[in-house]
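Structure record follows, encoded as structure tokens.
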Amino acid sequence: MPFDVHDYPAAARSDRAATRNSRRLVAIWLFTVAAMIMVMILLGGITRLTGSGLSIMEWAPLMGALPPTSNAEWHRLFALYQKIPQYALVNQGFGLAGFKQIFWLEWTHRLWGRLIGVVFLLPMLWLWVTARIERRLMPRLGLLFLLGGLQGAVGWFMVASGFLPDSTAVSPGRLVVHLALALILYAAIVWTGLSALHPWRDRPAAQPRLQVLASTALALLALTIVAGGFTAGLHAGLTYNTFPLMDGHLVPQGYAALHPLLRNLTQNIAAVQFDHRLLATLTLILVTTTAIFSWRAKLSRKLCACLAGAVIAQYLLGVTTLLLAVPVPVAVLHQLGAVVLLTVLLIVVHRLRHTPRRRIEPSRAADLPAADRPAA
């Protein structure tokens, strides 16, 4: 149901959440949380690439925020780490100093996750108490907070898979679940922030075909990122380090080596890498096409250029990561590029969506700031 906007000092408490200042405040808070999640995703990538994720053997949601403060505690934690297969098969003999290096990476990763929860919860309560959040958003925000807490449990569920016999890394399947949930949270928070900042349309809705094209590109990008998660989990980027062919073949030999056939999609290195390449190429084509048609539809030229630039840069980063056999700095940039591309595409899809135009009573239009007054 359309409602009026009262962006003037005399606005009643019941109208405060609809004011431009309140909407902007909520959007800034949500975008801050989203930026922290982006950093969290990068920290997760670094811990995975450096093998640091298994360095903390205990899950202590509250007490785990405190680092070791004594030499005895460091030796206790190191003794726990020495019992897992990763130490015996990969890092045997690297000593307490080496353990501290990987420990601090994982500890920082977990601490940052706790900080995200604090930055989400406390401002949300303050904004709610001061009536700056619309009531319709509270159930969604509450659900997002619960999903954030679930993400911590899923993270431990993933880490625990690395403690199994003969395991030197976490399960690729659990890694993908952890990554996918992080990106779902990120996308939902960005979308909610955009909706808080721009709840109404100031121009006609885009063509339905363009909306479908952009939404399809977003779905394809999500599928490509999931495929990238399996590629990372299987360390598939360390093989077939040629492009565009894979050991001289367009489709690698042994693509369907596992039975049943569906196992190849998640467990066969050759198939997983090929699928990621194929999906990335299709994403490049579809997202670039979306940028071109959005440009023609008079969408923001800067936004269209950012979309095209982001997808091209991400594709080139992926190829570079492959050709150089996954160096940590380039691989982290590739992971960052995926989140940046997802962000820009979310903004495009949000801009193209159909939402009602705001309707303001003529008697109150004069009280609105000039930027919020309806056109004559």
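If the segment from Thr50 to Leu316 were pulled out straight at 0.36 nm per residue, it would be longer than the present Cα-Cα gap by 93.5 nm. For Tyr255, the solvent-accessible surface computed with a 1.4 Å probe is close to 60 Å², ligands and nucleic acids excluded.
When the gyration tensor of the chain is built from Cα positions, what are the square roots of 5 times its three eigenvalues, in whole Å, from largest to smallest?
Numbers: eigenvalues 353, 174, 43 Å².
Output for the chain: semi-axes of 42, 29, 15 Å.
Highest GNM mean-square fluctuation among Leu352, Leu122, Leu77, for the chain modelled with Cα contacts below 10 Å: Leu122.
First obtain the Kirkwood hydrodynamic radius of the range 189-329 from its Cα pairs, then insert it into the Stokes-Einstein equation at 25 °C and 0.890 mPa s, and state the resulting D in µm² per second as a whole number. Write down the numbers at each step before the final one.
Details: Rh = 17.0 Å.
Roughly 144 µm²/s, to the nearest whole number.
Estimated from the Cβ-Cβ distance and a Förster radius of 51 angstrom, the FRET efficiency linking Leu96 and Arg296 is about 0.25.
Report, in order of residue number, the helices in the chain meeting two criteria: a C-alpha extent of 20 Å or more along the helix axis, and a mean Kyte-Doolittle hydropathy of at least -0.5; treat each whole DSSP H run as one helix. Don't skip to the answer; put the middle values down first.
On the way: long enough: 20-49 (43 Å, 1.27); 95-129 (51 Å, 0.93); 138-160 (33 Å, 1.38); 172-197 (37 Å, 1.67); 208-233 (38 Å, 1.37); 269-296 (41 Å, 1.05); 301-323 (33 Å, 1.41); 328-352 (36 Å, 2.05).
The qualifying helices are 20-49, 95-129, 138-160, 172-197, 208-233, 269-296, 301-323, 328-352.
Counting only residues at least eight positions apart within a chain, or on another chain, the lysines with an alpha carbon under 22 Å from that of Lys83 are Lys100. Backbone geometry of the range 53-67 corresponds, through the Karplus equation with coefficients 6.51, -1.76 and 1.60 at θ = phi - 60°, to 3J(HN,Hα) couplings of x, 9, 6, 10, 8, 10, 10, 10, x, 9, 5, x, 6, 8, x Hz, x marking Gly and Pro. Compactness of the range 56-128 is given as radius of gyration and Dmax, 15.7, 53 Å, from Cα positions. Rounded to the nearest 0.05, what FRET efficiency is calculated for Val118 and Thr216 with R0 set to 45 Å and r the Cβ-Cβ distance? Once rounded, the FRET efficiency stands at 0.75. Amide H contacts of Tyr240 (H built 1.01 Å from N, in plane; Pro and chain starts excluded): no residue 5 or more places away or on another chain comes under 5 Å. The heavy atoms of Trp191 offer some 70 square angstrom of accessible surface to a 1.4 angstrom probe.
Only protein heavy atoms count here; under a 1.4 Å probe, Arg301 has an accessible surface of about 100 Å².
Divide by every residue of the chain the summed helix terms, -39500 (n - 2.57) for each DSSP H run of at least 4, and state the resulting mean residue ellipticity at 222 nm, rounded to the nearest 500 deg cm²/dmol. The per-residue figure over the chain is -21500 deg cm²/dmol. Accessible area per residue (1.4 Å probe, heavy atoms of protein chains only) ranks Asp166, Asp247, Asp275 as Asp166, Asp247, Asp275, with the largest value leading. In the range 250-303, Rg over Rh equals 1.29, where Rg is the alpha-carbon radius of gyration and Rh the Kirkwood radius from pairwise Cα distances.
The values are calculated or read from the model by the stated rules, or taken from the named source; none is laboratory data. What you see is a predicted model, and the numbers here were worked out from it, not measured in a lab. Here the Cβ is made from the backbone with ideal geometry for all residues, glycine too, and neighbour counts use every protein chain on show. For accessibility, only protein heavy atoms count, side chains too; no ligands or nucleic acids. Shrake-Rupley method; radii C 1.70, N 1.55, O 1.52, S 1.80 Å.
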